[in-house]
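S.K.: Below is one structure. I have some questions about it.
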Amino acid sequence: MKQSIYGLTFEQLQQWMAEHGQQKFRAAQVWDWLYKKRVKSFDEMKNVNKDCRAILDGAFTIRTMDIEVKQESADGTVKFLFRLADGNLIETVLMHFSYGQSVCVTTQVGCNIGCSFCASGLLRKSRDLTAGEIVEQIMNVQEHLDGLGTGERVSNIVVMGIGEPFDNYDHLMNFLRIVNDGNGLGIGARHITVSTSGLVKGIRKFADEDLQVNLALSIHAPNNELRTQIMKINKAFPLEQVMDAIDYFLSKKNRRITFEYILLHDVNDHVEEAQQLAKLLQNKKHLSYVNLIPYNPVEEHDRYSRSTPEAIAAFEKTLKAKGIQCGVRHEQGTDIDAACGQLRSKQIKKDVS
């Protein structure tokens, strides 16, 4: 299987050109055709000489996935189910906001984190995505936007789809450098957020990178007993270790961290848990924001349901009274398969039956 051309950073493409007898300036030409003109084949790269195009075509591919399903919500949210070259399925979501077009990308085929409420983990991880496959998700969504003829471009990225980004660290970092490159898509680092379930080594390593990309932590519970109950990852990385890593990130970056908190009815949505969460974040509240997320029910996890509006309001009020910045996430795509991994799971069942 050919390597995706999207998986190379600009510097890696320059090096590849040199190693294959091509002048380095060809990399800039190819980069422009890929990310500015967004061509679908090497033959379209008219100012790249024929020999170079032939060498590129022999080594790389531009397309590694096809759209299997595209669901469009009344609010403009679009969920894509892509089938990869090896037959695996992944999800990508386009969300429309007042500040721009945001894309949620997937980093792994399946997930091993084992959150007991999540559709993404219904199927175990079978492999990591390459940097090229992650970049191609963005390019496919941009192609959708180009087709609308409005001139809109992908302006924000959240790495919050299926999988744990820090479990695919090297491909993640290549992806971030590629989409951030000012000569290509030019998506600002401050417009990109990477979400982790709490891989301590990954958080610390990420803190030492030179990119100013935002970090989000899927916390979902304010104490070890409850967090271990709903997130198996907490057995390996308990909250004390995770919070130490978060403090290290803050000391290096001095950038606000988002704490994702899915509210599960009568599980983690009591005022008591809100008070515990406020205490946990007290020493970093000036650089913390809690994103309260109403739960999207998943058929296979029917023991969980959405918190009542009253419980959500009380939780938010308690946090704010303790000086914690927070808000309830505005829901999008509720009329399609909204939960992460839900569309993929449904399609796989259909393929099997």
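The values are calculated or read from the model by the stated rules, or taken from the named source; none is laboratory data. As the structure is a prediction and not an experimental result, all values here were calculated from the model. Cβ: placed from backbone, ideal geometry, glycine included. Neighbour counts: every protein chain shown. Keep in mind that these areas ignore ligands, DNA and RNA; they rest on the heavy atoms of the full protein, side chains included. Shrake-Rupley method; radii C 1.70, N 1.55, O 1.52, S 1.80 Å.
S.K.: Let me have the 222 nm mean residue ellipticity of the chain computed from DSSP H runs of 4+ only, each contributing -39500 (n - 2.57), with the sum over all residues rounded to the nearest 500.
M.R.: -11000 deg cm²/dmol
S.K.: Could I ask something else about it? Determine the gain in length on full extension of the stretch ARG303-ASN49; use 0.36 nm per residue of separation and subtract their C-alpha separation, reporting nm with one decimal.
M.R.: 85.4 nm
S.K.: Roughly how many Å is it from the Cα centre of the range 69-86 to that of the range 141-165, as a whole number?
M.R.: 11
S.K.: Determine the per residue accessible area of the range 168-242 with all protein chains present and a 1.4 angstrom probe, expressed in square angstrom.
M.R.: Ligands and nucleic acids excluded, the figure is 39 Å² per residue.
S.K.: Taking the simple approach of a point 7 Å from Cα along Cα-to-Cβ for both ASP86 and ASP181, what is their distance in nm?
M.R.: Here the answer is 2.5 nm between the modelled labels.
S.K.: Let me ask something additional. What is the calculated FRET efficiency for LYS201 to TYR99, with r their C-beta to C-beta distance and R₀ = 22 Å, to the nearest 0.05?
M.R.: On the way: r = 33 Å, r/R0 = 1.48.
The calculated FRET efficiency here is 0.10.
S.K.: Using the C-alpha gyration tensor of the range 82-123, what are the square roots of 5 times its eigenvalues, in whole angstrom, with the largest one first?
M.R.: Value: 23, 16, 7 Å, ordered largest first.
S.K.: Using alpha-carbon positions, what is the distance between the centroids of the range 210-271 and the range 1-49, in Å?
M.R.: 40
S.K.: Sequence neighbours fewer than 8 away in the same chain don't count; with that in mind, list the lysines whose C-alpha is under 18 Å from LYS36.
M.R.: The qualifying lysines are LYS46.
S.K.: Full extension from LYS252 to ILE67: what is 0.36 nm times the residue separation minus their Cα-Cα distance, to one decimal in nm?
M.R.: Once the chain is fully extended between LYS252 and ILE67, it gains 62.6 nm.
S.K.: Shifting gears a bit: Mind giving me the nanometre distance, one decimal, between the label points for GLN229 and ARG124, set 7 Å out from Cα along Cα→Cβ?
M.R.: 2.6
S.K.: Next up: Once the piece of chain linking ASP75 and ASP208 is laid out straight, how much longer is it, given 0.36 nm per residue of separation minus the C-alpha distance between them?
M.R.: Here the answer is 44.0 nm.
S.K.: Can I ask one more? Run the numbers on the chain and let me know its relative contact order in percent, using alpha-carbon pairs under 8 Å that are six or more apart. Don't jump to the answer; show the numbers that get you there.
M.R.: Values: 641 pairs, mean separation 54.5, N = 353.
Relative contact order here is 15 percent.
S.K.: Amide H to amide H under 5 Å from SER4: which residues, 5+ apart in sequence or cross-chain, H placed 1.01 Å off N in plane?
M.R.: HN-HN under 5 Å from SER4: THR61.
S.K.: So which GluC sites (Glu not before Pro) in the range 191-244 are both in a DSSP loop and have at most 15 other Cβ atoms within 10 Å of their Cβ? Mind showing how you got there, number by number?
M.R.: Numbers: sites: GLU209, GLU225, GLU240; in loops: GLU209.
Passing both the DSSP loop test and the Cβ count: GLU209.
S.K.: Would you work out the relative contact order for the range 1-160, in percent, from Cα pairs under 8 angstrom that are 6 or more residues apart?
M.R.: Relative contact order here is 20 percent.
S.K.: Also, I was wondering about something else. Which three lengths, in whole Å and largest first, does the chain cover when its Cα atoms are put on their principal axes?
M.R.: So the extents along the principal axes, rounded to whole Å, are 68, 49, 38.
S.K.: Sequence neighbours fewer than 8 away in the same chain don't count; with that in mind, list the lysines whose C-alpha is under 26 Å from LYS125.
M.R.: Within the straight-line limit of under 26 Å, LYS125 reaches these lysines: LYS2, LYS70, LYS79, LYS201, LYS205, LYS232, LYS235, LYS346, LYS349, LYS350.
S.K.: Let me ask you something else. If I model a spin label at ASP244 and ASP170 as a point 7 Å from the Cα along the Cα→Cβ vector, what separation in nanometres do I get?
M.R.: With each label placed 7 Å out from Cα toward Cβ, I get 2.8 nm.
S.K.: Which loop trypsin sites (Lys or Arg not before Pro) in the range 24-96, with loop taken from DSSP, have no more than 13 other Cβ atoms within 10 angstrom of their Cβ?
M.R.: Details: sites: LYS24, ARG26, LYS36, LYS37, ARG38, LYS40, LYS46, LYS50, ARG53, ARG63, LYS70, LYS79, ARG83; in loops: LYS24, LYS36, LYS37, ARG38, LYS40, LYS46, ARG63.
Here the sparse-neighbourhood loop sites are LYS24, LYS36, LYS37, LYS40, LYS46.
S.K.: Please give the per residue accessible area of the range 1-155, computed with a probe of 1.4 Å over protein heavy atoms only, in Å².
M.R.: Accessible area per residue, the range 1-155: 43 Å².
S.K.: Sticking with this one: Percent of accessible area on the chain owned by carbon and sulfur, 1.4 Å probe?
M.R.: 48
S.K.: Here's something else I'd like to know. Sort the following peptides by mean Cβ neighbour count (other Cβ atoms within 10 Å, averaged over residues), highest first: 274-284, 250-260. If you can, show how the numbers build up before the last one.
M.R.: Working: 274-284: 18.5, 250-260: 16.1.
The peptides rank, most packed first, as 274-284, 250-260.
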